[in-house]
Amino acid sequence: MKKIIYSGITLLFFIFFSVSCNEKELLTENPKDFLTPENSFTTPAGFKATMAGLLASTQGVFFGTGDAWEKFVMNGQDADLAVSGLSEGGLWYAIQWNTMNPDNGRVLSWWSSYYSLIFSANTIINRAENDIVKWDSEKQKNEIVGSAKFIRAFAYHLLANMWGGVPITLEETSSARFDYTRATREEVYQQCVEDLTFATQWMKTVNDGFRGGEIPRAAAYHILAEVYIALGKYPEAVQAATAVIDDPNFELMTERFGRYKNFTWNGYDYLGAYEPWGDVYWDLFRDGNFNRAEGNKEAIWNINLKYATEGSGYPESYERWWGPWCWALKDIDGVENFLKDTLMGRPVGVIRPTPYAAEQIWNYKGDWDRDIRNSNFNIQRKFYFTNPKSKYFGQEITSENASTVNNNFRMAYPYFMKFAIVKHYGEVTDPNSKEPHDNGRNYRDLYIIRLAETYLLRAEAYHLKGSNDLAAADINKVRARANATLVSAGDVNLDLILDERARELYGEEFRVNTLLRMGKLKEYIRKYHYATINQGLTYPDGGFLDLLPIPQHEIDANKEAVLEQNPGY
Amino acid sequence: MRKSFKKGVLIVILILFAGMNLIYAQQQNSVSGKVTDSKSQPLPGVTVVVKGTMQGTVTNADGIYTISSISENATLVFSFVGMLTQEAEVGNRNTINITLVNDVIGIEEVVAIGYGTSQRQEVTGAVSVADLDELRKAPANNILETVKGAVPGLTVGGTNKAGQVGGMLVRGQNSISAGNAPLIVVDNVIYNGSLGDIANDDIESFTVLKDASAAAVYGARSANGVVIITTKKGKGINGKPEFNANLSYSIINELERREVYDAEGYIKRMLDIRALNGLEANPDNVGDYFVSAIERENYAATPDHKPTVPDPYGLIRQNGFNKKMSFSAANNTEKSAYFISTSVTDEQGVVINDTYKNFTGRINISNDFTDWLTVSINAMYSFRDYSGAEPTTGYGSTVGISPYGKVFNEDGSYVHYPNGTTSYISPFWQIATVNLDQRNNLNAVLRGTIKVPWVEGLTLNSTYSESVRWDETSQFNDTKTQTGEIDKSNGSRSYSRSNNMLFDNVLNYKQLFADKHKVDVTLLYSWEESSYENLFGSAKQFDNDVLLDYKLENGLIQNVNTGGGESGSIGQMARANYTYDQKYGITGTVRRDGFSAFSKNKKWGVFPSAAVIWNISKENFMDNVSVINDLALRVSYGKNGNQSIAPYSTLAKVGTGKYLYDGDASYSITQAITSFATDDLSWEETTGINIGINFAMLDKRLSGSIDVYKSNTVNQLFNLSLPYITGGSSIRANLGDVENKGIDLGLNSINIQKNEFKWTSDFAFSLNRNKVITILGEDNDGDGKEDDLIGSNIFIGKSLEQIYTYNVIGMWQQEDVDNGTIFAGMNPGTYKLEDLPDKNGEYDGKITSTNDRQHIGNSKENFRWSLNNNFVYKDFSLMVYLYSVWGGNDWYLSGVNQPENDSYPYREDVNKVVYDYWALDNTGGTFPRPDSQSKASVKGVKYFDRSFIKLQKVMLGYDATRYVKSTFIKGLNLSVSGDNLFTYAPHWIGLDPETNQGIRDGAVPSLQSFIFTLAIKF
């Protein structure tokens, strides 16, 4: 009996311990240091935070969270505007167009980053309609939804321009999906029109408590114009572009302005007397000059970078990669050149303009010396020995006085000064010259859309509509500011527009997108890509490079439906 | 010293004192006698204790003992290591002579099997026990270094830094992406910390549960095997406390020193590179060739061109040492026992700033309060300090200093660019000003055992354990460092803490019926809660940085990062074991596990297993087989889980960040959905079968075990690629099946046992093969077989460590250019890769990734073995321990030897490790030309076989006890030992094959030590 009692008591103890914890509670996870979709999309503040996140991702996608090469290739590097600067024999650096195939990593990177923006935009657009969100007003909601729709349309218009018809997804994905199919290119553009139309009604205007790093309504009109051109709806395109051009808040800058308008300097040889330096085009690209608050009325959509400030993104690195390696050159006696702070910095000579961008376009109408965009201020073409220890100190660098041990091809080529900085923050001191520099990575804003491009878009629409006189007028608006010879209606064709884009927007516009939209990528690579011409590289006809290949990764991963590949691959 | 460290020490000391007064003894009448062995030789040193008291003595050199004041009804207990313990009732005798017989190791051994123990011969699963007494003769930093190689089926990784704790793997890789480390159980409690925190000398036993059945008691966490460690319990000498002190000093050097070009080699390399570039390379004009002004000036400074840095590598190396001291006090009585210990280690590796300090303290106390209640506390504290920043390798490699460079400024500070090129930053500019890395572990296990009165064999064990681990790190880089210069100094401090509570209740019923039927039933209810939190603060842009990381708010840019979380789990387990007459045994186990991190729809998992043992030698028909003493056959089958789903990883998450609107005073917080929920994600499941044999033969002179096993791990946690159209890149899913099979073999042999000489050998051998059975199960290329996942390096039907790449078959030479056979894009001095025929059997004369990659071998070893020989002659003992991992036939290959792919291999002004590169006058070089990166359009990698046999440990010991017998000292041992003494690796080039460090700028040498040890017992 005792035995039973003791066993019983023991068992009771055991059972007591066994039920003393609340199993359900113990096994339920309550997040402590992260938010969930359930609790973070309930207030306007949550949506504002998501919008800020979307802006940050957009900045990251187009300008990188590191020295991402996708952005430079997008600017036309390794295509018609620039090539590998490393050596004369260097064929490609960041993308290889002649063997383009569905496994190309850059293409996948563009594709995936645009869809990631679409995903985030969808979360805002879908969840904004949720009943639990207490919006202060319809306007408040639509302003955020409008911005999200703008980014969604911006991503889709790039997808349509570059790949044609792509899968359209307008709902937030909440679990795995493998059954996407392609819409037509028209349908994708049409979706963009729908989103952009909404955006043009609701997004903030620049007068509406606008902050740097936000996207104004004018950007939606600008992209809408581009989409309408792609759809062949030219009057609508003209109308959309006109909404920006006629907006009194925007105008081309024609007078010197900003931080460095009274800048004086002794020039690229760093010798002699100081004299006034720069012109209005030069002013457009100086640090501190990009925002409306700083007097710039030409900027429409900028990315926004601030030195040594939390929340600012990865610095832009155009100086480092697009500028020549001039400071590392040696004279014929082996004496190093000096790295200088002012308007040089620390470029490493990896991306070099093609003869098309460096020479050809500037000879148009004999404007070489007239067009301020080709002025000594805006393109440095002569380089000097800057080390006082050199026998050739102060002299221009030539093939005779420079050492041939180093690769002169990489050392001295036209340096577009829109990439250069007047004064660096001095993160690093050069060991030889003791001058400060920032390793070529600068904190300075960049343009995504500038009014000059809107003029060129409207010119394109006019031209395609058959109104070359109006097209010429728009092109001349841009040329006049640059003091270039005006063009006539008879001069206008798509190539002129592309040349003018190269002159005005070198290193700024999404060149690959523009060329693919116009169906001219392959033609322009054949015509202007350095290695293609020198080495006689060939590009098959029939679809190849008319559009980009759908990434194989997507075709493979999408296992429950077929994603058709574009022809030519 | 840090405050937390002091606090930890204080806590340990308090705990230590708290246990002292538990011990008591009592006494009363006289008896004497002689103790001999079976050959009538007197046995000195035999412990004779009055049972149930602390009273006792030790036999003298003639085996004689005397005990006074002893009552008639007392019992004497005679014990001696290696002999069976005997008891004798005193009665009215005054003389009691005793003959002790040898105890063959293993026969009465009690083995830890998880939530209980079992007699060695009744264990049904595959369980290996390390022979720590033998192995620990050579001192080692931690238990893993002690058991490395000696436990069949347990792989312990190599180490090459001070205080590093090697990785563990039991029987091959089951999981592709989840962890493969075994579960660790210390003193019956699941242990989530590092084994580096447990003092080696505190460990009593080290057991590995290898098969599904043995490990099944730990259910969802047992798929990778279980390591069970028990720490020492109190044990005294004749009722008096036993004190042990171990002191050791090691001299540490590289197993193999890294070779960097000296002035002569540096110049030769410069000439070679110039020649390859088609430039003049006249040895008489070297002075003109230096690229940088610094080198040129230093070269010209002396007529004989004396190098300014004769030994570049010497600048970053130091002489290593290891000072270790451990001390323990222990005692036991009938009712209580204590074991108190402390140890201190101070180690320094061979690279500057590679330091390690460790302090541990432990107290294990147990007390029988009544007949039926025992309470014990095991408490420990450990402090490990890895502070000190080493010069980083990689970009600013430590080997790059030119023999003609300039390392120091006139004021003694370091030059930023010692070679005069900004491509090479001084390694000293990579060393943080402050680098603190301290890890603390405080752990207490409270255990109550209730033996239920009147119900024989029924016990209730409640174990409550609480551990706290906290780590502190801080870093500061002033402006004299690479990142500090860019950031205007930067610093950070971080603190992280984790708490773990475990409450186990085990109900056990163990009974022998009718002398033959042994029943052992265990029920478990276990409940565990963990939480963690961390705090990280950093800052940069200091105008004044003299306060370093103590005042991060003086930096203009500050960043704070905090986090935390918790998890809970519940385990329910039932195990029943039935043994008939020690002849047949069967064990059945089922465990049900719930874990908070499991996904919403899969909170619980059930893991069953069963095993049988047949002691063949107990059968009548074996009676006449005298050669065989013991023979048992074991078969087991069961299912285990691999929990490996991190807390919160199955939930949809929203991440936050920062975005700065221009014009705003500060950034705005951003948010974005960063992951999808996976509501049905499940743990990985390993189902395995094990067949084993235990045997002893030739009068138990040769004994051992052999196990063969096969297991399949399904529901592999696999990142399934999503179309990027979803907005995500991949999602975790349960897929696939990986098979492991292998053999574990352990042999112990007493080779010679004569009067004063004994030679024993222990041999361990493990062989494991794994194979991917299926992953996605898709056949897109339509060849009727499942497609390989080449991007993830997974090949159906092949091992997980398969190497699929180009095959290097030689080097292109000038002749190939001359006769036109060289492939486009290739140059002389670059690897010649094998061109494979395409589908039509044609060679296309170029190397493409689609057509020319092939299976060239495997990075996994073929087998492992170790052989430990112990010799004892009189007071001398010698241990020689060999350890080997062997490949052969395309196994154990490593592609780490790519000196041509280090940073700037083509730059003559950046120094390199010495390697045999191809040059115009060295066309037979092993490695390609220095500039091969730009001279080969397709680059291959040369693979080398890492097979090695190591003379891992040699220990020569001397027992000097007889010289100190007249003093209070009861034992004195001296030893000299060497660790990692010699490596035979016939196919390897470079540093240690075990740690896979070959010829690379960043290769880290392994440590070799010579250890002097003094062990005192009193």
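Can you work out the PRE-style zone for B:Val101? Point 7 Å along Cα to Cβ, and I want the residues of segment B:689-708 with backbone N under 18 Å.
Zone members listed by number: B:696-702.
Leaving ligands, DNA and RNA out of it, report the carbon-plus-sulfur percent of the accessible area of chain A at a 1.4 Å probe.
Carbon and sulfur: 51 percent of the exposed surface of chain A.
How much mean residue ellipticity at 222 nm does the protein assembly as shown get from its helices, if each DSSP H run of length 4 or more adds -39500 (n - 2.57) and you divide by all residues, to the nearest 500 deg cm²/dmol?
So the calculated ellipticity at 222 nm is -5500 deg cm²/dmol.
Of the heavy-atom accessible surface of segment B:470-558 (probe 1.4 angstrom), what whole percent is carbon and sulfur?
54 percent
Could you go through segment B:514-522 in sequence order and give the Karplus-derived ³J(HN,Hα) for each residue, using 6.51 cos²θ - 1.76 cosθ + 1.60 with θ = phi - 60°, rounded to whole Hz, and x for Gly and Pro?
Rounded to whole hertz, the list is 6, 6, 10, 9, 10, 10, 9, 10, 10.
If you take the square roots of the eigenvalues of the alpha-carbon gyration tensor of segment B:405-476 and sort them as a ≥ b ≥ c, do you get rounded (a/c under 1.5), prolate (a/b over b/c) or oblate?
prolate
Working with all protein chains in place, sort B:Glu410, B:Glu87 by solvent-accessible area computed with a 1.4 Å probe, largest first.
Ranked list, largest accessible area first: B:Glu410, B:Glu87.
Using alpha-carbon pairs under 8 Å, 6+ residues apart, how would you state the relative contact order of chain A in percent? Don't jump to the answer; show the numbers that get you there.
Values: 994 pairs, mean separation 107.1, N = 569.
RCO, chain A: 19 percent.
Based on alpha-carbon centroids, what's the gap between segment B:803-821 and segment A:482-496 in Å, whole number please?
A separation of 55 Å, based on Cα centres.
Ranked from highest to lowest mean number of other Cβ atoms within 10 Å per residue, what is the order of the peptides A:432-440, B:298-306, A:274-282, B:485-493?
Final packing ranking: B:485-493, A:432-440, A:274-282, B:298-306.
Put B:Val77, B:Val147 in order of accessible area, largest first, 1.4 Å probe: what do you get? Intermediate results must be reported in sequence, preceding the final value.
Values: B:Val77 30, B:Val147 0 Å².
Most to least solvent-accessible, the answer reads B:Val77, B:Val147.
Enter the accessible area of B:Trp614 (Å², nearest 10), with the probe set to 1.4 Å and all protein chains included.
My reading of the accessible area for B:Trp614 is about 90 Å².
In sequence order, what are the phi-derived ³J(HN,Hα) couplings for segment B:624-633 according to the Karplus relation 6.51 cos²θ - 1.76 cosθ + 1.60 with θ = phi - 60°, rounded to whole Hz, with x for glycine and proline?
Result, ordered by residue: 8, 8, 7, 4, 9, 8, 9, 7, 9, 10 Hz.
Once ligands and nucleic acids are excluded and a 1.4 Å probe is used, how much of B:His987 is accessible, expressed in Å² to the nearest 10?
B:His987 exposes around 90 Å² with every protein chain in place.
Rolling a 1.4 Å sphere over the protein heavy atoms, what is the accessible area per residue of segment A:16-156, to the nearest Å²?
Per residue, segment A:16-156 has 35 Å² of solvent-accessible surface.
Where q = 0.12 Å⁻¹, what log10 of I(q)/I(0) comes from the Debye formula for segment B:766-915, counting one point per Cα?
Values, matching the q order: -0.79.
Quick query: amide H of A:Gly394 versus all other amide H atoms, modeled in the peptide plane; which residues come in under 5 Å with a sequence gap of 5 or more or a different chain?
Hits under the 5 Å cutoff: A:Phe385, A:Thr386, A:Asn387.
At what distance in angstrom do the alpha carbon centres of segment A:436-477 and segment B:690-762 lie from each other?
Between the Cα centres of segment A:436-477 and segment B:690-762 lies a distance of 68 Å.
As an exercise, use a Förster radius of 45 Å and the Cβ-Cβ distance of B:Lys758 and B:Tyr984 to find the FRET efficiency, rounded to the nearest 0.05.
After rounding to 0.05, the efficiency reads 0.95.
If packing is taken as the average count of other Cβ atoms within 10 Å, what order do A:418-424, B:837-843, B:805-811, B:656-662 fall into, highest mean first? List each step's numbers first, then the result.
Numbers: A:418-424: 21.1, B:837-843: 8.6, B:805-811: 17.3, B:656-662: 19.4.
Sorting A:418-424, B:837-843, B:805-811, B:656-662 by mean packing, highest first, produces A:418-424, B:656-662, B:805-811, B:837-843.
Quick check: net charge around B:Arg469, other residues with Cβ under 10 Å of its Cβ, Lys/Arg +1 and Asp/Glu -1?
So the surrounding residues net to 0.
What shape does segment B:756-846 take by its C-alpha gyration tensor, where a ≥ b ≥ c are the square roots of the eigenvalues and a/c under 1.5 counts as rounded, a/b above b/c as prolate, and the rest as oblate?
Verdict is oblate for segment B:756-846.
If you find the alpha carbon centre of segment B:166-214 and of segment A:83-133, how far apart are they in angstrom?
Each part's Cα centre sits 45 Å from the other's.
If the only charges are +1 at each Lys and Arg Cβ and -1 at each Asp and Glu Cβ, what is the size of the charge dipole of segment A:358-408 around the Cα centre, to the nearest 20 debye?
I would put it at about 160 debye.
For segment B:899-1002, which whole-number percentage of the solvent-accessible area (1.4 Å probe, protein heavy atoms only) is attributable to carbon and sulfur atoms?
Carbon and sulfur: 56 percent of the exposed surface of segment B:899-1002.
Relative contact order for chain B using alpha-carbon pairs under 8 Å, separation at least 6, rounded to a whole percent?
Answer for chain B is 10 percent.
Any idea of the total accessible area buried by the B-A contact, 1.4 Å probe, rounded to 100 Å²?
6900 Å²
Solvent-accessible area of B:Leu720, probe 1.4 Å, all protein chains present, reported in Å² to the nearest ten, please.
Taking all protein chains as shown, B:Leu720 has close to 20 Å².
I'd like the mean, over residues of A:422-429, of how many other protein chain beta carbons sit within 10 Å of each residue's own Cβ.
Values: counts 0, 0, 0, 2, 3, 4, 5, 2.
Going residue by residue through A:422-429 and averaging, the value is 2.
Once you charge only the Cβ atoms, +1 for Lys and Arg and -1 for Asp and Glu, what is the size of the charge dipole of chain B about its Cα centre, to the nearest 20 debye?
Value, rounded to 20: 3260 debye.
Rounded to the nearest 20 debye, what is the charge dipole size of segment B:231-300 about its Cα centre when +1 sits on each Lys and Arg Cβ and -1 on each Asp and Glu Cβ?
On the way: 10 positive and 12 negative charges, 230 e Å.
My answer is approximately 1100 debye.
Determine the per residue accessible area of segment B:138-187 with all protein chains present and a 1.4 angstrom probe, expressed in square angstrom.
23 Å²
Which residues of segment A:44-80 show a drop of at least 10 Å² in accessible area when all protein chains are present, compared with their chain alone (probe radius 1.4 Å, heavy atoms only, ligands and nucleic acids excluded)?
A:Ala49, A:Thr50, A:Ala52, A:Gly53, A:Leu55, A:Ala56, A:Gln59
Return the ratio Rg/(2.2 N^0.38 Å) for chain A, where Rg is computed over Cα atoms only. Don't skip to the end; give the middle numbers.
On the way: Rg = 27.8 Å, N = 569, 2.2 N^0.38 = 24.5 Å.
For chain A, the normalised Cα radius of gyration comes out at 1.13.
Could you work out how far apart the two model spin labels at A:Glu129 and B:Gln813 are, taking each label as a point 7 Å from the Cα in the direction of the beta carbon, and quote it in nm?
Distance between label points: 7.4 nm.
Any chance you could check segment B:538-579 for residues losing 30 Å² or more of accessible area when the partner protein chains are in, compared with the chain on its own (1.4 Å probe)?
Going by heavy-atom accessible area, the residues of segment B:538-579 that drop by at least 30 Å² are B:Gln541, B:Ile557, B:Gly564, B:Glu566, B:Ile570.
Eigenvalues of the Cα gyration tensor times 5, then square-rooted: what semi-axes does that give for segment B:831-913, in whole angstrom, largest first?
45, 24, 7
Would you please give the residues with an amide H less than 5 Å from that of B:Tyr661, counting only those at least 5 places away or on a separate chain, with H modeled from the backbone geometry?
It is B:Ser668, by chain and number.
Go through segment B:635-654 and flag every residue whose accessible area shrinks by 20 Å² or more with all protein chains in place compared to the isolated chain (probe 1.4 Å).
Buried-area filter returns B:Tyr648, B:Leu651, B:Ala652, B:Lys653, B:Val654.
Taking the Cα centre of the protein assembly as shown as the origin and placing charges on Cβ (Lys, Arg +1; Asp, Glu -1), which of B:Gly888, B:Asn980, A:Thr454 is farthest toward the positive end of the dipole?
B:Asn980
Tell me which residues come under 5 Å, amide H to amide H, from B:Ser947 once H is placed; ignore anything under 5 positions away on its chain.
Close amide H contacts, sequence-distant or interchain: B:Gly887, B:Gly888.
So what is the accessible area of segment A:207-304 per residue, in Å², with the probe set to 1.4 Å?
Heavy-atom SASA per residue in segment A:207-304 reads 38 Å².
The values are calculated or read from the model by the stated rules, or taken from the named source; none is laboratory data. For clarity, every value in this text was computed on a predicted model and none was experimentally measured. All Cβ positions, glycine included, derive from the backbone under ideal geometry; neighbour counts span all protein chains shown. In case anyone asks, the SASA skips ligands and DNA or RNA and just uses the protein heavy atoms, side chains included. Shrake-Rupley method; radii C 1.70, N 1.55, O 1.52, S 1.80 Å.
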